[in-house]
Structures are given as C-alpha cells and as structure tokens.
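Below is one structure, written out as structure tokens; comments come after it.
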Amino acid sequence: MSASGRDGLVLAVDLGTSGIKVGLVSFDGQIVFREYEPLQTRFLENGGAVQDAEAWWQFIVNAIRRAMRTIRTRTERAARLEQVVAVGITGQWGSTVPVDAHGKPVGDCVMWMDTRGGPHATKAFGGCVQGYDPFALAAWVRKTAGMPSTSGADPIGHMLHLERDQPEIARAARWFLEPVDYLSMRFTGVAAASHASMTAAWLTDNRHCDVLAYDARLVAKAGIDAGKLPPLVPTGTIVGTVREDVAAQLGIPASAKVVTGMPDLHTAAVGAGTVLDYEPHLAVSTTSWVSCPIPHKKTDIFHQIATVPGLHPSHYLVADNQDSAGQCLRWLRDNVIAPTDGLFSHEEPPWDALVTLAGQAPVGSNGVLFTPWLHGERSPIDDRNARGGFHNLSLGTSRAHLVRAVLEGVAHNTRWLHRAVERFTKRRLDPIRIIGGGAQSDLWCQIMADILDRTIEQVDEPLQANLRGMAIFVGLSLGAIRLEEVRGIVPVRRTFAPDPGRHAIYDAHHDEFKQLYGMQKGMFARMNATRFAL
C-alpha cells in the first residue's frame, strides 16, 4: 500500500448459495467492477444438496478476464490489475468441499442444506434433550455456545456422510474445507481456516478464540477424522500470497495478500456498517438472519441463537438463521405465478413486477397469512419438519394478495426472531440496518419497519453488502481502516420509520402467525418426520 494506506484494490469474492459475485473493491468499499453468475444446487435423493466447486473457480477466472475486456487498452488493463494488493473471500458457510493436497475438489461441495449425514449425526450425539444426548449437549454448549445438528445439515454431518457413505471420495480427500477456505487455498495453495470460518463445525473451544486448535474431545465425540481438518490461523490474518501460476492466469500481482476467508454473517456485519457492540443488522437474502456484535459468549438452545467467534478474538457475533426468506419469493414466482401468463413484460424485470403487484394489495393482504418454512426452520424454532403454507384464502384472494402475503410472512418470521434476539442481548435493537437482495425493495423495507415496529435503515446497494464488507474487512486486517470508522464509511440510502396504524393491523396478525406453528407442529411431524429430504 502507498503512504496513504488506502490505495489499491481488493479482489473480493462473495460466494452465495444462489450465485457468486466477483468484484474489484477499494478498502473503503467503493465497487469499481463486479460480475455475477447464478449457481444451481442439485438436489439428490435422501436429502442430498450439492454444487460444483470447480465451477466456482472457473467463474472467478472468467469474471476477471471479462472485467479486463471492458478496459480499452492493454496499458490501462495492466495498470488496473496492478492495483490489486489483496484478495478476500466471503460467502456461504456450513458447507463442505473435499479437496486433495493441492486444493482441487475430489467431489461436489456438500451444501449446508444437505441432510444425508443425519442418521450418522443422530447416532453420534442424538438423545432425549432437545433431540441431543444430554452429556454431549452440555459439553458442546459450554465450549462452543452451539451444537452440531442431528439433521446432518452442517460440516460434521457432511464429513460423517462422506466417510461412511462415500468412502471413495473420503479416501481421495486430504482436507475437508469450508467453501471460503477452499477458494482461499485455490489462490494460495495453503490449507488454512480460522475460528470464524469453522464456526458451523462447532469443533473449537470458543471461550478461548486465541487458541489455534480444535478441541480433541469434541472431535472424538463427533467421530470425524481430525487429520482432515485444516490448520487454524487467527481470524483476519494473511493466509499467504497469490500463487505465481494463479497470478499469471489472472494477471494480478503475485505479491497480493490473501486474508482469511470469512462467513457471510461476518462480512454482512461489516458491509452494513454494524461492527460495534449491539449495532444490529438484518439480512434478507436466500435465507435471513438478525445479528449484532456482542462482547461475550452466550447460547439460547430453545430458539437456536448462539454467539460465534467474531471479527476479532475478543468479541462475538450473534448467529441464527431463518432457512427461507428471499427464496420464498423465488418459489412463488417459479412454481405458482407462471412467467408465461402475461404478468411480466420484456421491459420490466420480474422481481420489480412482483413487488409492484404486491403493492396493489392492502396492508395485511386481506387477512391472508403466509408461513415461510419451505425448507424447515432453524431460528426462532428448530424444526426441520416444518413446512410453509398460505392460510385464510378465499375466492377473493388475488395474486397480489399472495405476493404481499409472502413479503409479510417473511417479515412476521423476522419479528419473531428479532424479539428473541432482543431478549438474548437484553436490550432494544433499534435502528436496524438491512442488507441483501430483499433490501432492494422499498416496499419490503417498509413492511419490515411496520411489522417489527423498528426503524429500518436501507444500506446503499444492499445486494453488494458482502463484497463491500469483505473489502473493508481486508482494510481492517491490513490496518488501512479503523473499526470505529466503519459505520460512517457505509452509506445509508433511505430510512423507513414504522407507521403506527399499519403496525396495529400487523400486531394482530402476528399473534395469529405464531399460533399457526403451534397448531400445525404435530401435523408437520406426522407428515415429514420419516423424510430427511426437504
């Protein structure tokens, strides 16, 4: 970096479930260039869900090449690429990529929603207390603040599945890596992870985040091969520099530093500008969560809320997850509202058309309620059997009511979770900064404000929050940015205040919304308990 400390660009990658973004971003979050590619998840029998990890890498290579083709002269292209001084990877977490000693995939990425390891996880630590063996539950929560899932939908379940059900892949694998650590290894050739990137594995003693080791007793209890867990390095440190062959392939300097990969939860906090204690953010993407930094370790096993290692060793982030948010709208579009029925014009993007349609329906959608548990739920209820549905339909229910009910249903679920997080942190979390694809909609932001009865601050370019957040985090790691500066660096596009009249309508609906789960819980179990596939 130059004397100013902030010159140069970060090659930032944001690997989401439904798509991958690649950008050149300044240390203060200004996006110079970005590319996006949708990703497809293949759903298999018995709860399988996988993606092609090699395809992620090829997109990164091709995205940089496309970026350079937009610059007119060879001299200008070289000058721009020479500005890349660092690389940072963020994205989905709780997935598992089996790789060889060189970092090349030897099988598909087992996605965070893959439940094929469920029977093995249940055998290892299942029991009668909230579905867990009480001794295992006590040991895990005391050390990590969380617990691997008996559904198998996390790295321990994935590793057990690979070792027991796909031994040929397990034998070929030198490392089982989180997606962000896999991509970091493709850049550097170094297998490394951090307390932050390994959060979903629940294998580190998070009371002591400065101890760079997995907990031997937890590893033994999980029944996995400790030799395939990547070495731990401090969060926010340099893993290595870019390999010479990769630098030549991409045209970036081999001196570029690669910082530890970060889960999207962490870079979302940075990209929202909410990095100081109790500054909340709400992400509305494929999934959704409510989070904030807090200074201590804590667990709420009844609502599946826990703290995870934060942006630096002495602090934590609140972690929770609603499994279906933006994907509910996608499901509605792709499976209920057919795109050939004349709703969408060639001039108007489909998502804008859906939101416009929702705006034609009254507040409360004429009493139609939508429960967004299309893929089960984790927080604030942990029930993999739960399913979504429309309720209180009539012959007068229109498509506009259905679309608005989906927006409102996700917001009702968010309020349920948000209140649980407020009890968890013992304080009112207001205002809330909102990011993610859902935050692009002014209507959805206002619905969130009205249902939550909290001020919603819509971050500028909310869909790019993780790219921005990764670049700023790299700036923090390299000393170019101070933590106290981050909130002011991130611009807010618009603020949405709750309307008392609309909130009164939603308040009554919210009580009904929560009661729907209690009334249907038994039916969910009877209809779905024997299935691991969702």
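The values are calculated or read from the model by the stated rules, or taken from the named source; none is laboratory data. Note that this is a predicted model, so its numbers are computed, not measured. Counting neighbours? That spans all protein chains shown, and the Cβs are built from the backbone with ideal geometry, glycine included. For the accessible areas, the whole protein counts, side chains as well, though only heavy atoms, and no ligand, DNA or RNA atoms are used. Shrake-Rupley method; radii C 1.70, N 1.55, O 1.52, S 1.80 Å.
Structure notes:
- A single member of Arg502, Arg482 is among the basic types (Lys, Arg) and in contact with a helix residue (DSSP H, G or I) (Cβ under 6 Å, 6 or more places away or on another chain), and it is Arg502.
- Answer residue from the stretch 1-31, given it is in contact (Cβ under 8 Å) with a residue 40 or more places away in the chain and open to solvent by 70 Å² or more (accessible area, probe 1.4 Å) and is farthest from Glu461 (Cα to Cα) among those: Met1
- Among (1) crowded, with 24+ Cβ neighbours inside 10 Å; (2) on the phi > 0 side of the Ramachandran plot - the single one Ala471 does not satisfy: (2)
- The residues on offer are Ala400, Ala439, and the sole one that is surrounded by fewer than 23 Cβ atoms within 10 Å (Cβ to Cβ), in contact with a helix residue (DSSP H, G or I) (Cβ under 9 Å, 6 or more places away or on another chain), of a type in the set (A, V, I, L, M) and not in a strand (DSSP E or B) is Ala400.
- Within the stretch 410-429, tally of residues that are touching a helix residue (DSSP H, G or I) at 6+ places or on another chain (Cβ under 7 Å) and part of a helix (DSSP H, G or I): 7
- Note on the stretch 253-268: residues that are closer than 13 Å to Thr188 by Cα and crowded, with 20+ Cβ neighbours inside 10 Å total 6.
- Top-ranked residue of the stretch 193-242 - restricted to ones that are touching a Pro at 6+ places or on another chain (Cβ under 6 Å), hydrophobic (A, V, I, L, M, F, W, C) and in a loop (DSSP other than H, G, I, E, B), ranked as surrounded by the most Cβ atoms within 10 Å (Cβ to Cβ): Ala196
- Breaking point among (1) farther than 18 Å from Cys209 by Cβ; (2) modelled with pLDDT under 95; (3) open to solvent by 10 Å² or more (accessible area, probe 1.4 Å); (4) in contact with a helix residue (DSSP H, G or I) (Cβ under 7 Å, 6 or more places away or on another chain), for Leu311: (1)
- Scanning the stretch 357-382 for residues that are surrounded by fewer than 20 Cβ atoms within 10 Å (Cβ to Cβ) and modelled with pLDDT under 90 yields a single hit, Asp382.
- Against the criterion of being of a type outside the set (D, E, K, R), closer than 19 Å to Ala200 by Cβ, open to solvent by 30 Å² or more (accessible area, probe 1.4 Å) and part of a loop (DSSP other than H, G, I, E, B), Thr286 qualifies.
- Filter result for Arg419 (closer than 20 Å to Ala508 by Cα, out of contact with any strand residue (DSSP E or B) (no Cβ under 8 Å at 6 or more places or on another chain) and open to solvent by 40 Å² or more (accessible area, probe 1.4 Å)): yes
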